[in-house]
Amino acid sequence: TRTIYTAGRPPWYDSTGQQVEPFIIGICGGSASGKTTVATKIIESLDVPWVTLLSMDSFYKVLNEKQHEMAAQNEYNFDHPDAFDFQLLKSTLQRLKEGRKVEVPIYNFVTHSRETRTKMMYGANVIIFEGILTFYNAEILKMCDMKVFVDTDADVRLARRLKRDISQRGRDLEGVLKQYSTMVKPAFYYYIAPSMVHADIIVPRGGENAVAIELIVQHVHTQLQLRGFKLREKLAHLYIGQPLP
Ligand code: CTP
């Protein structure tokens, strides 16, 4: 296991003194499709220090009192594009792309709100950005060097979501099913599934698809090398179990 870094580092320069732009991977897919697992597996396999994982969940808008009441009744639509602060998302991604540091909100799914603390993130060599609507905004889509869609069957996603929302997000069976049938499922077919056309790679089944993850990692390595980045392959064994410098 390797330590995943989201901490700061000086920008990377190539041999001509040019700052190397980070490689941005956008990962899209339905709720509980395994986006985070795919992202984590990519990070574990990359022979690159300084990889940052940014999640769309951090950019949920702050709710007013009425919306809070609706959320408590499983009636607020968290799957509609209007639920996200795309402006903040865009500026955050832009800053990270420029190698600058950003303060990212921390989202609490139990209270449906932002925590008072924020998370500091810094520029990186590879930035992975995951969420249900990562392909929705044209400008954000343009920023992604590689677009990955995680395509997991709806029954598998619902089963996972039930387990997760009840055990980790403070929900009950009735509430999860109500929210799923009235908002999560329609939004998937209306907004998420059609955005698959933007994908460079579609990963069936999600995190367990080792071949797809290996192909993605190879592409990232090749692209970084083309940008003048030297991989750590030969040194990798030295860092196993230890933080990368
Ligand atoms: N959501 C919710 N309550 C909130 C905010 C969001 O129930 N207060 C739900 C939305 O309905 C949306 C989902 O959270 O469908 C988005 O998170 P999801 O993509 O399921 O989480 P990840 O862990 O990123 O997904 P994956 O399992 O694919 O990694």
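Summed over region 198-218, residues that are under 22 Å from residue 143 (Cβ atoms), more than 15 Å from the chain's Cα centre (by Cα), not in a helix (DSSP H, G or I) and not β-branched (Val, Ile, Thr) total 1.
Only residues that are at pLDDT 95 or above, surrounded by 14 or more Cβ atoms within 10 Å (Cβ to Cβ) and among the charged types (D, E, K, R) were counted across region 70-106, and they come to 4. Just to check your reading of the model, which residue among 167, 195, 181 is part of a helix (DSSP H, G or I) and touching a Cys at 6+ places or on another chain (Cβ under 9 Å)? Of 167, 195, 181, the one residue that is part of a helix (DSSP H, G or I) and touching a Cys at 6+ places or on another chain (Cβ under 9 Å) is 195.
Only a single item in (1) buried (at least 16 other Cβ atoms within 10 Å of the Cβ); (2) more than 25 Å from residue 190 (Cα to Cα) is not met by residue 111, and it is number (1).
Counting the residues of region 83-140 that are assigned to a helix (DSSP H, G or I) and hydroxyl-bearing (Ser, Thr, Tyr) gives 2. So is residue 198 surrounded by fewer than 18 Cβ atoms within 10 Å (Cβ to Cβ) and not hydrophobic (A, V, I, L, M, F, W, C) or not? Against the criterion (surrounded by fewer than 18 Cβ atoms within 10 Å (Cβ to Cβ) and not hydrophobic (A, V, I, L, M, F, W, C)), residue 198 qualifies.
Scanning region 166-182 for residues that are within 11 Å of the ligand (Cβ to nearest atom) and farther than 17 Å from residue 69 by Cβ returns 168, 169, 176, 180. In region 106-119, the residues that are among the small types (Gly, Ala, Ser) form Cβ pairs under 9 Å with partners that are assigned to a strand (DSSP E or B), at six or more places apart or across chains, as follows: 113/60; 113/107. Within region 69-89, restricting attention to residues that are within 13 Å of the ligand (Cβ to nearest atom) and among the aromatic types (Phe, Trp, Tyr), the residue that is farthest from residue 171 (Cα to Cα) is 84.
I need the full set of residues from region 140-159 which are among the basic types (Lys, Arg) and more than 18 Å from residue 186 (Cα to Cα), in order please. Residues satisfying the conditions are 142, 147.
Checking the structure you have, find out if any residue of region 46-53 is of a type in the set (Asp, Glu) and within 13 Å of the ligand (Cβ to nearest atom).
Step one: list which residues in region 46-53 are of a type in the set (Asp, Glu), which gives 47.
Imposing the further condition that a residue be within 13 Å of the ligand (Cβ to nearest atom) reduces the set to none.
Among the residues of region 46-53, not one is of a type in the set (Asp, Glu) and within 13 Å of the ligand (Cβ to nearest atom), which makes the answer no.
Look at region 43-68: where a residue is free of Cβ contacts under 8 Å to residues at least 40 places away in the same chain and a partner is part of a strand (DSSP E or B), sitting 6+ places away or on another chain with Cβ atoms under 9 Å, you get 61/84. Here residue 104 meets the list (1) in contact with a Leu (Cβ under 8 Å, 6 or more places away or on another chain); (2) away from the ligand (no atom under 16 Å from the Cβ); (3) not basic (Lys, Arg) almost entirely, failing just condition (2). Scanning region 141-161 for residues that are part of a strand (DSSP E or B), within 12 Å of the ligand (Cβ to nearest atom) and out of contact with any helix residue (DSSP H, G or I) (no Cβ under 6 Å at 6 or more places or on another chain) returns 148, 151. Restricting attention to region 21-36 and to residues that are more than 6 Å from the ligand (Cβ to nearest atom) and of a type in the set (Val, Ile, Thr), the residue that is farthest from residue 151 (Cα to Cα) turns out to be 24.
The values are calculated or read from the model by the stated rules, or taken from the named source; none is laboratory data. Owing to the predicted nature of the structure, the values given are computational and were not obtained by experimental measurement. Neighbour counts are summed over all protein chains in view; Cβ atoms, including those assigned to glycine, are modelled from backbone coordinates with ideal geometry.
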